[in-house]
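The values are calculated or read from the model by the stated rules, or taken from the named source; none is laboratory data. No experiment lies behind these values; they were computed from the predicted model shown. In this analysis, Cβ positions are derived from the backbone assuming ideal geometry, glycine residues included, and neighbour counts consider all displayed protein chains.
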Amino acid sequence: MGALRRCAWIEIARPMCKKQFVCCLYRAQDCPTDSLLEDVNNCVKRIPDEAELTILGDFNIDVAAKKGSSNFFLKRKLFNFADLHSLEQLIKSPTRITESSETTIDLILVNNNHRIVDSGVVQCTISDHSLVYCTLKAGVSRAVPRIIEHRSYKNYDKVVLFTT
């Protein structure tokens with residue numbers, strides 16, 4: 001199964017707004033990180049530079065991994081990919097909590113962090129993974145422009161007006 005089959009892409013096009021692309025992905029434990037990141041990278045290259053990008057999902061890469069751990073090398077690869085595309089990782093709390101460990105493996109990467117109002121983790125009881133979310137500031141609809149006519153009195157001279 002190819003890595004692209006583990007990704008779903010959505011393009012959001014709103015009038016008078018930048019295009020937004022959202023990628024939801026899942027990396028299985030047996031999927032090589034390089035393979036997934038290469039496939040996502042090839043997709044991201046086709047997105048216009050000015051577009052907004054959000055990549056979220058279960059990366060199975062613990063971004064809270066400490067130096068020297070087996071997961072730290074994968075974390076560095078992910079952050080190199082993020083740096084390459086000016087992406088910021090939003091999730092800071094553990095997203096998978098078991099009796100023996102806490103890992104931050106469900107992530108949200110964005111290139112429009114100036115538009116992020118809120119982000120976080122919601123614990124749920126139906127899975128050992130928590131829900132991750134982010135809230136984006138929506139564009140404000142603009143009012144229809146009004147045309148106002150006025151007369152300039154900058155060069156008005158009352159004496160000249162009545163003497164001619």
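Here the condition is being among the hydrophobic types (A, V, I, L, M, F, W, C), in contact with a helix residue (DSSP H, G or I) (Cβ under 6 Å, 6 or more places away or on another chain), surrounded by 13 or more Cβ atoms within 10 Å (Cβ to Cβ) and more than 27 Å from residue 35 (Cα to Cα); of 136, 109, it holds for 136 alone. Scanning the range 59-118 for residues that are of a type in the set (Phe, Trp, Tyr) and either at pLDDT below 90 or farther than 19 Å from residue 47 by Cα (or both) yields 59, 72, 73, 79.
Each row is one residue, and each column tells you yes or no for (1) in contact (Cβ under 8 Å) with a residue 12 or more places away in the chain; (2) closer than 18 Å to residue 130 by Cα.
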{"residue": "22", "(1), (2)": "yes, no"}
{"residue": "46", "(1), (2)": "no, no"}
{"residue": "95", "(1), (2)": "yes, yes"}
{"residue": "107", "(1), (2)": "yes, yes"}
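Only residues that are within 14 Å of residue 113 (Cα to Cα) and exposed (fewer than 12 other Cβ atoms within 10 Å of the Cβ) were counted across the range 51-93, and they come to 1. Scanning the range 115-122 for any residue that is closer than 26 Å to residue 11 by Cα, in a loop (DSSP other than H, G, I, E, B) and in contact (Cβ under 8 Å) with a residue 12 or more places away in the chain turns up nothing.
When residues in the range 97-143 are screened for being more than 19 Å from residue 61 (Cα to Cα) and in contact with an Asp or Glu (Cβ under 8 Å, 6 or more places away or on another chain), 6 of them pass. Could you tell me whether residue 135 is free of Cβ contacts under 8 Å to residues at least 24 places away in the same chain, within 18 Å of residue 52 (Cα to Cα) and of a type in the set (Val, Ile, Thr)? In short, yes.
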